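What follows is a short report on a single structure.
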Amino acid sequence: MLSSTALFAILSALALSSVQAAPADKDSLDYLANKAGKRYLGTAIQAYQLADPKYTQILESQFNAITPENEMKWEVVEPTEGNFDFSGTDKASTSHEIVAEAKKTGSLVRGHNICWDSQTPSWVTSITDPTRLKQVLKNHIQGVLGRYKNDLEYFDIVNEPLNEDGTYKSNVWYNVLGESYIETALRFAHEVAPEMKLCINDYNIETVNAKSKGMAKVAANLLAKNAPLHCIGFESHFIGGLTPQDIPASMKQFSALGLEVPITELDVRIPVGANDQPANATVAKQRDDGYYTAVSACLGDSLCPGVSIWQFADPTSWIPGVFKGYGSALIYDAEYQPKSSYYATQQALKDGKTTATHFKGIKV
Ligand SMILES: *[C@@H]1O[C@H](CO)[C@@H](O)[C@H](O)[C@H]1NC(C)=O
């Protein structure tokens, strides 16, 4: 148990360390990621955040890849059948703004997502006829990927398809179409957007376990059928002190098959006290080590094209709302100042030595 004086000293030190000036451009994360073997350093954003000049300044100076956090999810894009809404009445909440921002800055975009058990409208999840569900899936993919086929480099076509034991998760797709739904969705997507890299994205596959082994089987079966599968997204929602040490071995399960292994949703949550501050210096260091470990793992596999963080500043992280007592999971604080986790990320990028082989190249 810390005395209140000691706690105050730690909090003061954290506050002091958070007023450092923004780093120079050649120390920016995107510059360093590109230097570390032509990789990207990305972040999830929501379109409304682009109205904040401070937010946008960091986005544009530190990141060269963007994932729309919600804006391309089914319930947003096709809330009722056949009514696609990309720019809609509330422009600030749309994918349109995000793609325009990425084009302006030369950042790549990771589309997210098509088949998922969440944020899918009930007019879809209530379908029980396989023929009709396939038609609805095809229409949706044509609507979304048709519109963005020249704008997006990657798309998480299937999101979180497996249970922890490596079996298929119950969702409308699996329940109505069986396991072939993944192949079906990939083929529809590839028909519409033949240049786009199509991914399956999941969590808890960052270590060698039943789930990642199950995913490796799914991937190998798809490739054996020549299905257009190009990447397995490692979400990487980690807990400080529990970041897997065998991420490289888990990546190898997929990169050995020729699949890319992007880190897609990185954050490292830790116990927090008041104001989302780390409970103590130990947990803060564990968070920073988590960032270092994850980024280093990506840099250690030539088929890891980059790392995306799930938002970059703590106030808009999903963590505190979902994991009570946890937070401080990102790399900028509430004042948009870089935290020690930012510098751990930067150091990992500086220490990385390998080159990514599949990556097109992006702005720095
Ligand atoms: C730091 O905080 C964590 C979480 O509350 C606690 O388990 C741990 O014992 C604390 N460590 C120190 C050195 O205070």
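The values are calculated or read from the model by the stated rules, or taken from the named source; none is laboratory data. All of these numbers come straight from a predicted model, not from anything done at the bench. Note: ideal-geometry Cβ built from the backbone for every residue, glycine included; neighbour counts use all protein chains shown. Just so you know, the surface numbers come from the protein's heavy atoms only, side chains and all, with ligands and any DNA or RNA stripped out. Shrake-Rupley method; radii C 1.70, N 1.55, O 1.52, S 1.80 Å.
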| said: I need the full set of residues from segment 177-222 which are open to solvent by 50 Å² or more (accessible area, probe 1.4 Å) and of a type outside the set (Ser, Thr, Tyr), in order please. | reply: Glu179, Arg187, His190, Glu191, Pro194, Glu195, Asn204, Val208, Ala210, Lys213, Lys217, Asn221
| field | Hits in segment 317-331 (condition: open to solvent by less than 40 Å² (accessible area, probe 1.4 Å) and either without any contact (Cβ under 8 Å) to a residue 24 or more places away in the chain or farther than 12 Å from His237 by Cβ (or both)) | value | Gly327, Ser328, Ile331
| request: Return only the number of the condition from (1) under 11 Å from Val144 (Cα atoms); (2) polar (S, T, N, Q); (3) open to solvent by 10 Å² or more (accessible area, probe 1.4 Å) that Thr80 does not satisfy. | output: (1)
| Among residues of segment 290-318, those that are assigned to a strand (DSSP E or B) and either touching an Asp or Glu at 6+ places or on another chain (Cβ under 9 Å) or within 14 Å of the ligand (Cβ to nearest atom) (or both), counted | 3
| request: For Arg287, indicate whether it is open to solvent by 10 Å² or more (accessible area, probe 1.4 Å) and farther than 28 Å from Val144 by Cβ. | output: no
| note | Residue pairs qualifying under the 6 Å Cβ cut-off, at least six apart or on distinct chains, with the first in segment 270-281 being of a type in the set (S, T, N, Q) and the second being near the ligand (Cβ under 8 Å from one of its atoms), are none
| message | Can you say whether Lys252 is within 30 Å of Lys197 (Cα to Cα) and open to solvent by 10 Å² or more (accessible area, probe 1.4 Å), as far as the supplied structure shows? | response | yes
| remark: When segment 269-289 is checked residue by residue, the ones that are away from the ligand (no atom under 12 Å from the Cβ), over 21 Å from Gly321 (Cα atoms) and out of contact with any helix residue (DSSP H, G or I) (no Cβ under 6 Å at 6 or more places or on another chain) are Asp289
| query | If you check Thr264 against the conditions, is it outside any helix (DSSP H, G or I) and not hydrophobic (A, V, I, L, M, F, W, C)? | reply | yes
